[in-house]
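Each remark here refers to the structure printed beneath this line.
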Amino acid sequence: MNLKSIYPPHGIRIYWGPMLRIRFHGRGGQGVKTSSRILGRAAFLAGFLAQDSPIYGAERRGAPVVAFTRISDSVILERGFIFNPHIVVVMDESLIGDWLARPLEGLLRGGVALINTAQAGAPLEVSDSHVVVRLNITDEALKIIGRPVISAPAAASAAKITGLIRKKQVLEATVEELTELGLAEETVEKNLRLVSEVYDMTPHHSIKINEEPSRSLEVVDLRSDRVVFSDILEVGNAYLRKTGNWRVFTPVVDYGRCTGCMVCYVYCPDSAVKLDPDKKPVIDYENCKGCLICVLECPMRAITFVREAKAYA
Amino acid sequence: METRFKTLREFPLDEYLSPGATMCAGCGGMIVLRIFHKALGGNVVIVNAAGCLTLLQVYPYTPLKSSWMYTAFASAPAGAQGIRDALDILMEKGKLPQGEDLKVVVLTGDGAAYDIGLQSSSGAIERGLDFYYLVYDNEAYGNTGFQRSGATPFGSSTTTTPPTNLNPAGYSGMKKDLFEIWRSHNPPYLATIAPSHVVDMLRKIETASGFRGPKLFISLSPCPTGWGFDPSETIKLSRLAVECGVWPLKEAVYGKVRHTVVPKVLKPVEEYLRRQNRYAHLFTPTRQEEAINFIQEKVNEYWLKVSATEGHEVIKPINLAEKQTE
């Protein structure tokens, strides 16, 4: 093999191997990295070789985060990002509309998109190209744990879809991983209940992947027009990021009770509360991250919150 | 002193940070930066050492409406010196109108202020550089996953000081007293601030702007991700830190210290500690009475000294012996 075939000049070549590739998309704080670890460990306990890694970078609680798991019965030599996964786990449905995250990109033909969604819909939808599995993991987590942390159940669900891993192995992996993180026994216990529930909820589906020829990814040329943003000449342009899709809960103002004391405006970390001429708050939902400081601090209890549920493509 | 900030009604309405920054939801540092910027106005250049807030600017986006320069961990005050000198020289030569002068603000986390950038801050204060220094102190290296820093307090669990059999209390050292380190340089103005006490913060910034030379601020910055609490409780925790006496609000003008918020009765520190996962090991599975009492004793000691030297009404500390017999 010469160097040229490994590093072709115009793209990255993806080789097909006897290996299952799973990509996790979620938001910082949901447990994306832990999820990929639990799945990896469960696969290992089931007798496979496994590899897992998150993308390290500027991720924050709420920001889009990606992690990868590879499962194989032989040594895994492949490293780096997974561009063409067999399974994508979308732990936050709002990511589907996020042009930076693009969770469904590169999903192989016949691959499974596992989507955590509050939307009603068929739990299993098989089409010519893809299989879509819809589960409401967040609501289950809120019911059992009381917080929207879904690392273990998302791993459980993905494990079942691989068709290679039993519930017992996921439970064992969950205990080991969560204990390693220093979680209290009670919390681990609740996670196990959640794992068990979600594993059973996940529909049976034996994954069949049509082999695809290796393909090259497009490399963006820095001189091309595509990477030029006219907006960069503008100061304070971060509002274009639209961090509003980080939210799990949405604050709602009851204007009948609001006295215009400005407390919510003062304490908003993201300048996402604006004031109207009467000094009443107007929440910028395109950018509010849903930290809910305003809900807690409002002296009149005029701000409440509802669970974010929005339809995405 | 005369002040234009008496209540939240006087809160400045001009906005210098746009929404959409990539900080965690509920970030305490962001609240402080936003209010700090409002108090200073628009003519500001921020010199930012490596830390969480350097990620405000990720190409092609920036939430700031002011200028910004990024430096390495150790060298933000040195960068500020360069900018200050350049502005002064340009104005002296008449190449820059006086009206376009900028306030130079150094913005660093506790890692840069307490550890890596300590010597360059010391040098800048010693040279009498005319600048503002704002530290957002979340008591660990939050950007890289919450490792211990010089600002980490006793008993906090971090990724490098987890509770172990040898050290069941987590971090066994004490938080560096940066306020006293800086005060020994005798700067014109030095203060601690907290995001919950906004009017106090605005007044201090207003007072500071009357001085020429180093104007230094250390702000508590509750960190939902690192400290382990719900993002909605950022302000609540900041308030508790002040009310429990863990984070004293004070100022020093040419070295003379005055406490600006004096709790009449201290709340037990437990109320503050209990709400954070980084102290969870002090309460479960077994309660580490000794460690909790030690933290309380240190707080009591501090405030007794304050009431003795500043002649405040005697602050009633938490009596540990009394508490145990209850």
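The values are calculated or read from the model by the stated rules, or taken from the named source; none is laboratory data. Since this is a predicted model, take the numbers as computed values, not measurements. Virtual Cβ from ideal backbone geometry, glycine too; neighbours counted across all protein chains shown.
Every condition in (1) in a strand (DSSP E or B); (2) more than 14 Å from A:ILE87 (Cα to Cα); (3) modelled with pLDDT of 90 or more holds for A:LYS168 except the one numbered (1). Assuming B:TYR61 fulfils every condition listed in (1) within 24 Å of B:CYS223 (Cα to Cα); (2) more than 8 Å from every other protein chain (Cβ to nearest Cβ); (3) touching a helix residue (DSSP H, G or I) at 6+ places or on another chain (Cβ under 7 Å) apart from one, which condition is it? It fails just one condition, (2). Search segment B:32-78 for residues being part of a helix (DSSP H, G or I) and charged (D, E, K, R), and hand back the single one that is nearest to B:LEU202 (Cα to Cα). The selected residue is B:LYS38. Screening A:PRO153, A:PRO148 for residues that are surrounded by 17 or more Cβ atoms within 10 Å (Cβ to Cβ), in the same structural domain as A:PHE44 (by TED's automatic domain parsing) and closer than 19 Å to A:GLY40 by Cα leaves exactly one candidate, A:PRO153. Residue-level check: of (1) in contact with a Lys or Arg (Cβ under 9 Å, 6 or more places away or on another chain); (2) surrounded by fewer than 23 Cβ atoms within 10 Å (Cβ to Cβ); (3) modelled with pLDDT under 85, A:VAL66 misses just (3). In segment B:223-240, the count of residues that are among the charged types (D, E, K, R), at pLDDT below 95 and in contact with a helix residue (DSSP H, G or I) (Cβ under 9 Å, 6 or more places away or on another chain) is one or more. Of the residues making up segment B:163-183, those that are in a loop (DSSP other than H, G, I, E, B) and either touching a residue at least 24 places away in the same chain (Cβ under 8 Å) or of a type in the set (A, V, I, L, M, F, W, C) (or both) are B:PRO163, B:LEU166, B:PRO168, B:ALA169, B:GLY170, B:MET174, B:LYS175, B:LYS176. If you go through segment B:1-23 and pick out every residue that is more than 12 Å from chain A (Cβ to nearest Cβ) and among the charged types (D, E, K, R), you end up with 3. Does A:PRO299 fit the bill of being under 23 Å from B:ASP14 (Cβ atoms) and either free of Cβ contacts under 8 Å to residues at least 60 places away in the same chain or not assigned by TED's automatic domain parsing to the domain that holds A:PRO64 (or both)? No: the conditions fail for A:PRO299.
Looking only at residues in segment B:134-149 that are over 25 Å from B:HIS37 (Cβ atoms) and not β-branched (Val, Ile, Thr), the one that is surrounded by the fewest Cβ atoms within 10 Å (Cβ to Cβ) is B:GLY145. Looking only at residues of segment A:263-283 that are crowded, with 19+ Cβ neighbours inside 10 Å and not in a helix (DSSP H, G or I), we find that the one that is farthest from the other protein chains (Cβ to nearest Cβ) is A:PRO281. Among what's in segment A:109-125 and is part of a strand (DSSP E or B) and touching a residue at least 12 places away in the same chain (Cβ under 8 Å), pick the residue that is nearest to A:PRO203 (Cα to Cα). Selected residue: A:LEU124. Just the residues that are of a type in the set (S, T, N, Q) and touching a Leu at 6+ places or on another chain (Cβ under 6 Å), please, taken from segment B:260-286. The one that is of a type in the set (S, T, N, Q) and touching a Leu at 6+ places or on another chain (Cβ under 6 Å): B:THR260. A search for C-beta distances below 7 Å between a residue of segment A:75-88 that is farther than 9 Å from A:ILE22 by Cα and any residue that is surrounded by 13 or more Cβ atoms within 10 Å (Cβ to Cβ) and among the aromatic types (Phe, Trp, Tyr), counting only pairs 6+ apart in sequence or on different chains, returns A:PHE81/A:PHE68.
Listed by first and then second residue, the pairs linking a residue in segment B:222-241 that is more than 7 Å from chain A (Cβ to nearest Cβ) to a residue that is outside any helix (DSSP H, G or I) and of a type in the set (Ser, Thr, Tyr), with Cβ atoms under 7 Å apart and 6 or more places separating them unless they lie on different chains, are B:SER238/B:SER196; B:ARG239/B:SER196.
From the list B:GLY42, B:GLY26, the one residue that fits, being on the phi > 0 side of the Ramachandran plot and within 14 Å of chain A (Cβ to nearest Cβ), is B:GLY26.
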